[in-house]
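The values are calculated or read from the model by the stated rules, or taken from the named source; none is laboratory data. Remember, predicted model here, so these are calculated numbers, not experimental data. Here the Cβ positions follow ideal geometry from the backbone for every residue, glycine too, while neighbour counts run over all protein chains shown. Protein only, heavy atoms only, side chains kept; ligands, DNA and RNA dropped before computing areas. Shrake-Rupley method; radii C 1.70, N 1.55, O 1.52, S 1.80 Å.
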Amino acid sequence: MKEKPKKRRGAPKIDAVGLRTILDSMVEAVFVVDDEGRIVLTNRALDELLERDVRGARPKNLIRSGELRLAVRRARKQRVATEVEVDGAIGERVRTFRAQVSPMPGPGGVVVVLHDVTALKAADQVRRDFVANATHELRTPLTAIRGYAETLADGALAKPEVAESFVAGILRQTQRLQRLAEDLSLLSRAESAEQGYELSATDLAVVCHDSAASLESQAKEKGLTIVLDMPSRPVVRQVSARALEEVLINLLENAIKHSRMGDEVRVTLRATPKEIAIEVRDYGVGISKKFHDRIFERFFRVDPGRSREEGGSGLGLAIVRHLLNRMGGAIALKSAPGKGARFKVTLPSAK
Ligand SMILES: Nc1ncnc2c1ncn2[C@@H]1O[C@H](COP(=O)(O)OP(=O)(O)OP(=O)(O)O)[C@@H](O)[C@H]1O
Ligand SMILES: [Mg+2]
């Protein structure tokens, strides 16, 4: 018995219009070059990338990249397909593409598919910098601990007067490692979208009080007073008390660290219908304008040597910035060398 040919009802038409639809649905930018090396077909992604119609132009006039020019020529003349990574300037911007360059059937035509990997490359660089920085931060205290332990093993144990200071050194460096591990885990939690900080009706003045109280003894050691300037009426908002406390403790620790003996550190809370503002102010060494953005970067310290002695890893303000981002808030800094620093946290005022 002869089988009846199946009737295909839903098959799409792939004519010129169909092809155009396919090309325009692609995320990658595509263009086709004819046998004279001129662009004869583009897709929407390419038009949007270049912000103009480039049909009739030569590829070298849209993306300035030697590698791409060579790959197109090879495909035209030798009829071989290649995949190349190209750093190409488009106007003023340099972008990185993974380009698939293939000969078309027929004489001389070439199709180029450009996959923009600029953001991917940048993210990869950030990750690599992070690993390099974290490794460095781990290595420094580990080297010190090993040094102390080796000296003890080599005979210093028998001399109690020096042994004591080496053991103290080991303890100090171990605490530093512990803090680093805690900061790293906090940072990863603040950065991760899945980790929720639970919101609840919170009296913000209470959070300010609690944060200041937990640093009372650190402040006392330097003869500092933490002054709280709170509104007379409670300011209750839906926030994560834990995240806000984390932010304030970081700012207060920095303020204490960089204050001079006997100074004052001031926390001011203000609520307007538009926003909530909490300012942490110190009268210490201050920060030069050129570092105002950089201090929020991971591991950045203005004075690495000094900060390291105090156990700082440079992660505190990066954690602060991430936490505030998640709360829909922001942080701004006013400071100049010798003039102290004012870190102003703003939060949306919605109740
Ligand atoms: N109140 C301040 N006054 C002067 N400099 C400050 C102040 N706050 C921060 N800085 C500078 O910004 C740098 C980054 O601060 P951050 O809190 O991120 O790191 P850290 O305090 O060094 O280390 P960590 O907070 O991880 O213990 C500090 O090393 C310091 O140089
Ligand atoms: Mg800090």
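Listing for the model above:
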read-out: Diffusion coefficient, µm² s⁻¹, Stokes-Einstein with Kirkwood Rh over alpha-carbon pairs of the range 118-194 at 37 °C and 0.692 mPa s; value: 222 µm²/s
read-out: Carbon/sulfur fraction of accessible area - the chain, other protein chains in place, 1.4 Å, %; value: 53 percent
read-out: Simple spin-label estimate for Ala119 and Ala89 in nanometres, 7 Å along Cα-Cβ; value: 2.5 nm
read-out: Rg/Rh for the chain, where both radii come from Cα atoms and Rh is the Kirkwood radius; value: 1.18
read-out: Mean separation of Cα contacts under 8 Å (6+ apart) over length of the chain, as relative contact order %; value: 10 percent
read-out: For the range 79-163, diffusion coefficient by Stokes-Einstein and Kirkwood Rh (Cα), 10 °C, 1.306 mPa s, µm²/s; value: 88 µm²/s
read-out: Dipole axis of the chain (+1 Lys, Arg; -1 Asp, Glu on Cβ), positive-most option in Ala201, Val227, Leu49; value: Leu49
read-out: Dipole of the range 1-119 [Lys/Arg +1, Asp/Glu -1 at C-beta], most positive-end residue of Val32, Val17, Leu70; value: Val17
read-out: Length gained when the stretch Met26-Ala332 is fully extended (0.36 nm per residue, less Cα-Cα span); value: 106.1 nm
read-out: Three-way shape label, the range 196-351, alpha-carbon gyration tensor, a/c 1.5; value: prolate
read-out: Most to least accessible of Phe130, Phe343 (protein chains only, probe 1.4 Å); value: Phe130, Phe343
read-out: Order by protection proxy (mean Cβ within 10 Å, highest first), peptides 10-16, 227-233; value: 227-233, 10-16
read-out: Listed residue pairs exceeding 32 Å between alpha carbons, taken from Lys159/Lys257; Lys121/Lys290; Lys274/Lys339; Lys220/Lys344; Lys220/Lys289; value: Lys159/Lys257
read-out: As computed over the range 123-281, the Cα convex hull volume per residue (Å³); value: 161 Å³
read-out: Average accessible area per residue (Å²) across the chain - probe 1.4 Å, nucleic acids and ligands excluded; value: 60 Å²
read-out: Leading residue at positive end of dipole, the chain (Cβ point charges), from Ala153, Pro348, Leu248; value: Pro348
read-out: Relative contact order [Cα under 8 Å, 6+ residues apart], the range 281-351, whole percent; value: 42 percent
read-out: Long-range amide H partners of Val235 with built H, under 5 Å; value: Leu204, Ala205
read-out: Cβ charges +1 (Lys, Arg) and -1 (Asp, Glu), total dipole of the chain, debye; value: 1780 debye
read-out: Extension reserve of the Leu199-Val40 stretch, reckoned as 0.36 nm per residue once the Cα distance is removed; value: 51.6 nm
